[in-house]
Amino acid sequence: TPAPTPMPSDLVWFAPNMGSTDYSKLFTKPEQWSVARSKIDVFKFYTQNVLKYPCPICGDNTLSTFVDVQAFQKLKDWGIAISVEVGAVKPWGCTSDVTFGVTKEVIGNVQTYGGTVTFLAMDEPRVGGEEIADGMTCGYTMEKSAAQTAGFIKRVRAAYPQIIVGDIEAYPHFSPAEIQKWILALEDQGATPAFLH
């Protein structure tokens, strides 16, 4: 039988800056970080890095660059799990059908080029539902944000039962009590995240 999957809280995560100038060198010069790499369990990409669309804030850290350096395949060969930070509720996608569509594209791109997405880290869905970003907002209450986030989690779990979905929330923007209330709201919807960052 396979070994049990470690809990996300027991893993060492690595998330390079989205626009770092040396991001691709991690895959072209692996000898320069062999010791650090041996301590990393999860490597996180951002949605914008793994879509086929222009990304002004990504620099050279685009899907085509990662494909050219075989990043996804190398991570798999090195035994490092792949995570992608995704939007579950965002002003550009207030409903789970919109955000899940983008997430499916991200997962498909990683798979097409030799990798396997093990984790999805939702990028602040409570903030995405309630706050104003770039002049846009979903205008949701916390409860409505939780309902849409739960819908997203359930869509992912139905389509990709092997992928572990967790949440990233803004602290200290939200107090520990507010974050606990948020997690309980998701739990009430039957969609407790597997981890919280």
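When the label point is put 7 Å from the Cα of HIS173 along its Cα-to-beta-carbon vector, which residues of the stretch 35-55 have a backbone N closer than 20 Å?
The answer is 45-49.
With 24 Å as the limit, write out which pairs from LYS39/LYS90; LYS52/LYS144; LYS52/LYS90; LYS44/LYS90; LYS90/LYS144 have Cα-Cα distances beyond it, or answer none.
The pairs that break the limit, which is 24 Å between Cα atoms, are LYS39/LYS90; LYS52/LYS144.
Please give the net charge around ASP123, taking every other residue with its beta carbon less than 12 angstrom from that of ASP123, where Lys and Arg add +1 and Asp and Glu add -1.
-1
Just to be sure I understand: with springs between alpha-carbon atoms less than 10 Å apart, which residue in ALA121, ALA158, ALA71 has the highest mean-square fluctuation in the Gaussian network model of the chain?
Result: ALA158 has the largest fluctuation of those listed.
May I ask which residue of VAL98, ALA185, GLY135 lies farthest towards the positive end of the charge dipole of the stretch 42-197, with charges of +1 (Lys, Arg) and -1 (Asp, Glu) on Cβ and the Cα centre as origin?
Ranked along the dipole, the leading option is VAL98.
Once you put a point 7 Å from the Cα of GLN73 and another 7 Å from the Cα of ILE57, both along the Cβ direction, what distance in nm separates them?
A separation of 3.1 nm, rounded to one decimal place.
Among rounded, prolate and oblate, which fits the stretch 114-189 when a ≥ b ≥ c are the square roots of the eigenvalues of its C-alpha gyration tensor, a/c under 1.5 means rounded, and a/b larger than b/c means prolate?
Prolate, because a/c is 1.5 or more and a/b exceeds b/c.
Using Cα springs under 10 Å in a Gaussian network model of the chain, which residue among ASP77, ASP134, ASP22 shows the largest mean-square fluctuation?
ASP134
Local charge sum around TYR160 (other residues, Cβ-Cβ under 15 Å, Lys/Arg +1, Asp/Glu -1)?
Net charge around TYR160: +3.
Nearest 10 degrees, 0 to 90: what angle lies between the long axis of helix 142-159 and the longest principal axis of the chain (Cα atoms)?
Approximately 40 degrees, to the nearest 10.
Run the helix sum for the chain: -39,500 (n - 2.57) per DSSP H stretch of 4+ residues, divided by residue count, reported at 222 nm to the nearest 500 deg cm²/dmol.
-11000 deg cm²/dmol
Would you mind checking the tilt of helix 176-188 against the longest principal axis of the Cα atoms of the chain, expressed as 0 to 90 degrees and rounded to 10?
In the chain, helix 176-188 runs at an angle near 90 degrees to the longest axis.
Pull out the extension gain between THR21 and LYS39, defined as 0.36 nm times the separation in residues minus the alpha carbon to alpha carbon distance; nm, one decimal.
4.2 nm
Suppose we keep just the DSSP beta bridges with both residues in the chain; what percent of those would be antiparallel, to 5?
Roughly 10 percent of the DSSP beta bridges within the chain come out antiparallel.
What share of all Cα pairs of the chain, in percent, falls into each consecutive 5 Å distance bin?
Computed distribution, short to long bins: 1, 8, 16, 20, 19, 16, 11, 7, 2, 0, 0.
If you bin the C-alpha pair distances of the stretch 51-116 every 5 Å from 0, what whole percents do you get?
Cα pair-distance distribution for the stretch 51-116, in percent: 3, 17, 22, 25, 18, 11, 4, 0.
Hey, can you find the accessible area per residue of the chain for me, probe 1.4 Å, expressed in square angstrom?
Per-residue accessible area for the chain comes out at 50 Å².
Place a +1 charge on the Cβ of each Lys and Arg in the chain and a -1 charge on the Cβ of each Asp and Glu, then give the dipole magnitude about the Cα centre in debye, rounded to the nearest 20.
520 debye
Rounding to the nearest 10 and keeping the result within 0 to 90°, find how far the Cα-based axis of helix 96-112 lies from the longest principal axis of the chain.
The angle comes out at about 10 degrees.
Describe numerically, in nm with one decimal, the distance between label points set 7 Å from Cα along Cα→Cβ at THR192 and at GLU105.
It works out to 3.4 nm between the two label points.
The values are calculated or read from the model by the stated rules, or taken from the named source; none is laboratory data. Here the structure is a predicted model, which means the values were calculated and not measured. Note that each Cβ is placed from the backbone with ideal geometry, even for glycine, and that neighbours are counted across all protein chains shown. These area figures cover heavy atoms from the full protein model, side chains too; ligands, DNA and RNA do not enter into them. Shrake-Rupley method; radii C 1.70, N 1.55, O 1.52, S 1.80 Å.
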